[in-house]
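Derivation of every value follows stated rules applied to the coordinates shown; laboratory data play no part. Because the structure is a prediction, the values reported are computed rather than measured. Don't worry about glycine lacking a Cβ; one is built from the backbone with ideal geometry, like all the others, and counts go over all protein chains shown.
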Amino acid sequence: MAQPNTDIKYLTPIAVDTKKKKYCRFKKNRIKYIDYKDADFLLRFVNEQGKLLPRRITGTSTKYQRKVAQAVKRARHLALMPYLADCLK
């Protein structure tokens with residue numbers, strides 16, 4: 001009798017956890033003040049519908065997430081950024 005081949009062969013490689021470590025870009029770049037007038041920078045923290053992205057996705061710290069939220073709200077109030085958008089980016 002032939003012995004069964006015990007080696008398992010996969011068609012695609014096995015996904016290994018190679019996630020990048022999240023970091024706060026404000027702490028890393030030593031940014032103290034988040035300017036509400038820079039709408040292009042603030043668009044990085046907003047999704048396609050115009051909602052703020054959460055900390056777990058962006059990787060920002062709690063302190064700077066509050067500052068980003070405040071800056072986005074100020075930019076919306078001054079009509080530098082839209083409140084709602086179909087295709088924001």
Most packed first (mean Cβ within 10 Å per residue), the peptides 37-49, 68-80, 20-32 order as 68-80, 37-49, 20-32
extent check for segment 24-89: Cα max minus min per principal axis, descending, whole Å, gives 32, 23, 16
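What's the extension gain from Lys20 to Glu48 if we count 0.36 nm per residue and subtract their Cα-Cα distance? Before the final figure, lay out the partial values.
Numbers: separation 28, 0.36 × 28 = 10.08 nm, distance 2.33 nm.
Roughly 7.7 nm would be gained on extension.
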Here, Phe41 and Lys63, labelled 7 Å along Cα→Cβ, have an inter-label distance in nm of 1.7
